[in-house]
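I am attaching a structure below and will ask some questions about it afterwards.
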Amino acid sequence: MTAINHNYTELQGSYLFSEIAKRRTKFVQENPNAEIISLGIGDVTRGLPEAVTKAMHAAVDELAVPGSFRGYGPEQGYDFLINAIIENDYKARGISIQTNEVFVSDGSKCDVGNIQEIFSENSIVAVQDPVYPVYVDTNVMAGRSGKFNKETNRYENIVYLECTAENNFTPSLPDRKVDIIYLCYPNNPTGMTLSKEELKKWVDYAKANNCIILYDSAYEAFIQEEDVPHSIYEIEGADEVAIEFRSFSKTAGFTGVRCAYTVVPRKLKGLDANGNEVLINDLWNRRHTTKFNGVSYVTQRGAEAIYSPEGKEQITALVDYYMTNARIIRDGLASIGLEVFGGVNAPYIWLKTPNGMDNWSFFDKLLSEANIVGTPGVGFGQSGQGYFRLTAFGSRENTEKAVERIRNLSL
Ligand code: PLP
């Protein structure tokens, strides 16, 4: 038989989500009348903004006309969308990005997952802990992780940057040489952010130590506070060391429509086997054009509409809706003495389980006594032990109901 990529055997099963589903199903079977509210999912619940659906309808009609029909488009994305991204997400913040530095794609999950393949298999990878699991698993598949240690709940060759209440969720710089650093801000799952000054430390570190930062800012649109950077390129010199990922998924309800983009600056360089400098942008362009055939025209017209005056207004309303949910959860839990983090610049609330309760006991208590499903923090890494994630993506009604039920629990 054909041998498989043996690295896949090092992957840990998606224990967390299957365990959540198992416990939920069992509870529902035993309590068929329970009205379960899920604050565990990372998917949005509001509809697409009207500006987006209008633009998509118009684009569909265009495609029916032979003269305006579009087939394969540029793999990197249409200029109309790339220009709107540059003007609104970068130029408006004083950041200069060129059109050949933006790559439109069908999602940040694919981009943050695929990007690692343009780097050496020997690269040492650092991730925040807790972490969005895609960064880790894609490096496991590529053979960079080493063995999984069940006792530490960690891979032996991955460098984990702990983010806990003790360091205010601000990780320390790595204590050994790393090549690739994944940073996610605003953070999933903790909902926390870095200030400009803190982010500058990472950029300076990457410059001084010849490493590359993979900066996932899928939740950028949720930033409310002044001192929180919207882009890593707000930091001088970041274009020499960082790749940035952005997604329309949470910003505009595109989780099912699928559209995102990645910025790979032309100043960013790596080394080939002979020690010659290579532009990372050229590599990503080669990878993207070889393995990807572009996002649909209709979707890109929908994404472009987000930047129209009506689109911007509707997006702001959407973000406000979820961030009001976040505030309701945060304030409600804090009012009963729970320690809560995040939820100010991100749609995630990260809470400390009360009285040191372990993750699964707290999960079971919430499910059985309040009929609420959340996500145990340990599913995002060892440093998530003792924490719990709730999301603000539910409806207002369910969010308010859920908070009321938690307030009535005896904790
Ligand atoms: N990055 C982070 C940190 C996320 O939480 C998610 C989705 O939950 C993604 C990327 C994926 O986004 P997309 O829908 O664009 O694939």
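The values are calculated or read from the model by the stated rules, or taken from the named source; none is laboratory data. No experiment lies behind these values; they were computed from the predicted model shown. Cβ placement follows ideal geometry from the backbone for every residue including glycine, while neighbour counts extend to all protein chains displayed. To get the accessible areas, we keep the full protein, side chains included, count just its heavy atoms, and leave off ligands, DNA and RNA. Shrake-Rupley method; radii C 1.70, N 1.55, O 1.52, S 1.80 Å.
Select, from 30, 50, the only residue that is touching a residue at least 12 places away in the same chain (Cβ under 8 Å), more than 22 Å from residue 387 (Cα to Cα) and open to solvent by 80 Å² or more (accessible area, probe 1.4 Å). Full working, then the answer.
Numbers: 30 fails: touching a residue at least 12 places away in the same chain (Cβ under 8 Å).
That would be 50, the only listed residue that is touching a residue at least 12 places away in the same chain (Cβ under 8 Å), more than 22 Å from residue 387 (Cα to Cα) and open to solvent by 80 Å² or more (accessible area, probe 1.4 Å).
Contact list please: Cβ distance under 7 Å, first residue in the range 238-259 and farther than 18 Å from residue 394 by Cβ and near the ligand (Cβ under 9 Å from one of its atoms), second residue among the charged types (D, E, K, R) and assigned to a loop (DSSP other than H, G, I, E, B), pairs at least six apart or on different chains.
Close Cβ pairs (under 7 Å, with a partner that is among the charged types (D, E, K, R) and assigned to a loop (DSSP other than H, G, I, E, B)) amount to 258/106; 259/106.
Continuing with the same structure: Could you list all residues from the range 316-339 that are β-branched (Val, Ile, Thr), in contact (Cβ under 8 Å) with a residue 12 or more places away in the chain and surrounded by fewer than 22 Cβ atoms within 10 Å (Cβ to Cβ)? Show your work before the answer.
Taking the range 316-339 as the starting set, the residues that turn out to be β-branched (Val, Ile, Thr) are 316, 319, 324, 328-329, 336.
With in contact (Cβ under 8 Å) with a residue 12 or more places away in the chain added as a condition, the list becomes 319, 324, 328-329, 336.
Hits for the range 316-339 are 319, 324, 328, 336.
Can you say whether residue 127 is within 28 Å of residue 351 (Cα to Cα), in a loop (DSSP other than H, G, I, E, B) and within 16 Å of the ligand (Cβ to nearest atom), as far as the supplied structure shows? Write out each step before concluding.
Details: within 28 Å of residue 351 (Cα to Cα): yes; in a loop (DSSP other than H, G, I, E, B): no; within 16 Å of the ligand (Cβ to nearest atom): yes.
Here the answer is no, as residue 127 does not meet what is asked.
Right, here's the next one. Looking at the range 246-260 only, could you name the residues that are surrounded by 24 or more Cβ atoms within 10 Å (Cβ to Cβ) and outside any loop (DSSP other than H, G, I, E, B)?
Hits for the range 246-260 are 246, 247, 250, 252, 260.
Continuing with this model, one more query. Among the candidates 40, 73, 67, single out the residue that is of a type outside the set (A, V, I, L, M, F, W, C) and under 27 Å from residue 312 (Cα atoms).
Details: 40 fails: under 27 Å from residue 312 (Cα atoms); 67 fails: under 27 Å from residue 312 (Cα atoms).
On inspection, the qualifying residue turns out to be 73.
Quick check on my filter: what residues within the range 50-103 are charged (D, E, K, R) and either touching a His at 6+ places or on another chain (Cβ under 7 Å) or assigned to a loop (DSSP other than H, G, I, E, B) (or both)? It would help to see each step written out before you state the result.
Our first condition is that a residue be charged (D, E, K, R); within the range 50-103, this holds for 50, 54, 61-62, 70, 75, 79, 87, 89, 91, 93, 101.
Correct list: 70, 75, 93.
Continuing with this model, one more query. Scan the range 7-27 and tell me whether some residue there is surrounded by 11 or more Cβ atoms within 10 Å (Cβ to Cβ), at pLDDT below 95 and of a type in the set (Asp, Glu).
yes
Given (1) away from the ligand (no atom under 15 Å from the Cβ); (2) open to solvent by less than 20 Å² (accessible area, probe 1.4 Å); (3) not in a loop (DSSP other than H, G, I, E, B), identify the lone condition not met by residue 144.
(3)
Just checking, does the range 93-105 include any residue being open to solvent by less than 60 Å² (accessible area, probe 1.4 Å) and of a type in the set (Gly, Ala, Ser)? Walk me through how you get there before you give the answer.
Narrowing the range 93-105 to residues open to solvent by less than 60 Å² (accessible area, probe 1.4 Å): 95, 97, 101-105.
Still in the running and of a type in the set (Gly, Ala, Ser): 105.
Yes - at least one qualifying residue is present in the range 93-105.
Since residue 270 meets every condition but one in (1) part of a helix (DSSP H, G or I); (2) surrounded by 15 or more Cβ atoms within 10 Å (Cβ to Cβ); (3) more than 16 Å from the ligand (Cβ to nearest atom), which condition does it not meet?
So the condition that residue 270 fails would be (1).
Return only the number of the condition from (1) within 14 Å of the ligand (Cβ to nearest atom); (2) in contact with a helix residue (DSSP H, G or I) (Cβ under 9 Å, 6 or more places away or on another chain); (3) modelled with pLDDT of 95 or more; (4) closer than 28 Å to residue 375 by Cα that residue 230 does not satisfy.
Only one criterion is unmet by residue 230, namely (1).
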